[in-house]
1. Given axes a ≥ b ≥ c from the Cα gyration tensor, I'd like to know whether the chain is rounded (a/c under 1.5), prolate (a/b larger than b/c) or oblate.
2. Just to confirm the filter: which trypsin sites (Lys or Arg not before Pro) across the chain are DSSP coil and have at most 11 other Cβ within 10 angstrom of their Cβ?
3. When the accessible area of the chain is computed with all protein chains present and a 1.4 Å probe, what percentage of it is carbon and sulfur?
4. Remind me, relative contact order of the chain in percent, using alpha carbon pairs under 8 angstrom and six or more residues apart?
5. Assuming R0 = 22 Å, can you tell me the calculated FRET efficiency for the pair T5 and E52, based on Cβ-Cβ distance, to the nearest 0.05?
6. On the full set of protein chains, 1.4 Å probe, figure out the accessible area of I79 and give it in Å² to the nearest 10.
7. Just how large is the dipole of the chain about the Cα centre, in debye to the nearest 20, putting +1 at every Lys and Arg Cβ and -1 at every Asp and Glu Cβ?
8. What do you get for chymotrypsin sites (Phe, Trp or Tyr not before Pro) in region 17-71 restricted to DSSP loop and a cutoff of at most 16 other Cβ within 10 Å of the site's Cβ?
Amino acid sequence: DEYLTLWNEFATKNKKSKIASLTNTRKKQLYTRLKDYKNFLEMFKYSLIKAEKSNFLLTSKFFKLDWLIKNDNNIVKVIEGAYDNGKSQEVVM
């Protein structure tokens, strides 16, 4: 699955925990996010780009795939710059 691949590439590059599989819980959460946002794949990719530039997210133990897809807020907060270093940057997706 594309989400598993994208997350594991990000995790490998940034020393975060990789995931072994998309469990039923993760699949349900992804399906819900896809219903919430028609462009969720683009949002997901962009959130990983933003996260790579965030010292806070890269060093936080909570920042995992499960947290990112847990609800409809977490990914939006990353995209909007809530975890950016210093001043928030313009959202460009």
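1. Working: a/c = 1.82, a/b = 1.23, b/c = 1.48.
It is oblate, given that a/c is not under 1.5 and a/b is not larger than b/c.
2. Values: sites: K13, K15, K16, K18, R26, K27, K28, R33, K35, K38, K45, K50, K53, K61, K64, K70, K77, K87; in loops: K15, K16, K18, K38, K53, K61, K64, K70, K87.
Listed in order of number, the matching sites are K15, K38, K61, K87.
3. Details: 3000 of 5850 Å².
After summing per-atom areas, the C and S share lands at 51 percent.
4. On the way: 81 pairs, mean separation 25.4, N = 93.
Reported as a whole number, the value is 27 percent.
5. That pair, T5 with E52, gives E of 0.85.
6. The accessible area comes out at roughly 10 Å².
7. 320
8. Of the chymotrypsin sites (Phe, Trp or Tyr not before Pro), the ones in loops of region 17-71 whose Cβ has at most 16 other Cβ atoms within 10 Å are Y37, F62.
The values are calculated or read from the model by the stated rules, or taken from the named source; none is laboratory data. Predicted, not measured: the structure shown is a model, and the values here were computed from it. Backbone-built Cβ (ideal geometry, glycine too); neighbour counts: all protein chains shown. Note: areas computed on protein heavy atoms with side chains; ligands, DNA, RNA excluded. Shrake-Rupley method; radii C 1.70, N 1.55, O 1.52, S 1.80 Å.
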